[in-house]
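Worksheet: the structure to be examined is printed underneath.
The values are calculated or read from the model by the stated rules, or taken from the named source; none is laboratory data. What you see is a predicted model, and the numbers here were worked out from it, not measured in a lab. Reconstructed Cβ throughout: ideal geometry from the backbone, glycine too, with neighbour counts over all protein chains shown. Accessible surface areas use protein heavy atoms only, side chains included; no ligands, DNA or RNA. Shrake-Rupley method; radii C 1.70, N 1.55, O 1.52, S 1.80 Å.
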Amino acid sequence: MSAASGRLALLLSGRGSNLGAFLRAQAAGELQGSVEVVISNRPEAAGLKIAQDAGIATAVVDHTQYETREAFDEVLAQKIDGFKPDVVVLAGFMRILTATFVDRFRGQLINIHPSLLPKYRGLNTHQRALDAGEREGGATVHFVTADLDEGPGILQTPVPIVPGDTAASLASRVLPFEHKLYPHAANLLLTGQVSLKAQGAVWGDEILPPGGRLWRPNSC
Ligand code: GRF
């Protein structure tokens, strides 16, 4: 796969392992674009250092400095717009975004959630999957809409649950799958294969199911 010229902005709040996956894909010529900026709402986020070490622009929009969600989102949106991204990637970005913000980036804004959506929206997904006796967990990349984790799915990958799994062991087994899944799903937007329409996420002529299309990486 040759590198294309799409521009990505990546938003994070924490350790940045998914950012690392995007950068590895980019270095390997497997990302149809380049990460132009990494923005965090937390000045101490470890992901900022990963970006800086890779020579990528970083910015902090510290949510504690804004009185309202609207004010924070407006500054965040302006910061993103300055980099003119084609796709805005939420990678462990732990802020709920306003409908105004989400509408501004409609069809360009994607998130990864560590469950097989529409199951287990919200937090503690792995524990909830274990408590429910599920045989598999997984991760989903989806368009972001104003409802938390409810935007149309693009791509999801299942990960088997094994006897003795804890939330921590399952999370650490799902993570490498996230790292394959997320750049691959972003490529579908960057190349225009998948887009957000009124009916949902559309891939060619197909309206995707709520969780998106099932996908398994060749290796993990
Ligand atoms: C990932 O588990 C992702 O699914 C969730 O937040 C976590 C981010 O991890 N949305 P990292 O910061 O990319 O390592």
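Pairs linking a residue in the stretch 42-58 that is closer than 13 Å to residue 93 by Cα and assigned by TED's automatic domain parsing to the domain that holds residue 7 to a residue that is open to solvent by 70 Å² or more (accessible area, probe 1.4 Å) and part of a loop (DSSP other than H, G, I, E, B), with Cβ atoms under 9 Å and 6 or more positions apart or on different chains, are 42/94; 45/15; 46/15; 47/15; 48/42.
Only a single item in (1) away from the ligand (no atom under 13 Å from the Cβ); (2) within 24 Å of residue 185 (Cβ to Cβ) is not met by residue 78, and it is number (2).
Here's the yes/no breakdown for (1) among the charged types (D, E, K, R); (2) within 17 Å of the chain's Cα centre (by Cα):
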residue	(1), (2)
157	no, yes
160	no, no
164	no, no
173	yes, no
183	no, yes
206	yes, no
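Considering the stretch 99-133, and only residues there that are open to solvent by less than 90 Å² (accessible area, probe 1.4 Å) and touching a residue at least 60 places away in the same chain (Cβ under 8 Å), the residue that is nearest to the chain's Cα centre (by Cα) turns out to be 112. Residue 96 meets the conditions (1) within 23 Å of residue 213 (Cα to Cα); (2) within 16 Å of the ligand (Cβ to nearest atom); (3) surrounded by fewer than 22 Cβ atoms within 10 Å (Cβ to Cβ) in every case but one. The failed one is (1). Only residues that are part of a loop (DSSP other than H, G, I, E, B) and either open to solvent by 60 Å² or more (accessible area, probe 1.4 Å) or farther than 19 Å from residue 27 by Cα (or both) were counted in the stretch 55-84, giving 9.
For the residues 205, 147, the requirement of being within 30 Å of residue 70 (Cβ to Cβ) and acidic (Asp, Glu) singles out 147.
The residue that is farthest from the ligand (Cβ to nearest atom), counting only those in the stretch 166-185 that are buried (at least 17 other Cβ atoms within 10 Å of the Cβ) and of a type outside the set (A, V, I, L, M, F, W, C), is 184. On the stretch given as the stretch 35-54, residues that are of a type outside the set (Asp, Glu) and open to solvent by 70 Å² or more (accessible area, probe 1.4 Å) total 4. For the stretch 186-202, filtering for residues that are under 22 Å from residue 32 (Cβ atoms) and open to solvent by less than 20 Å² (accessible area, probe 1.4 Å) leaves 6.
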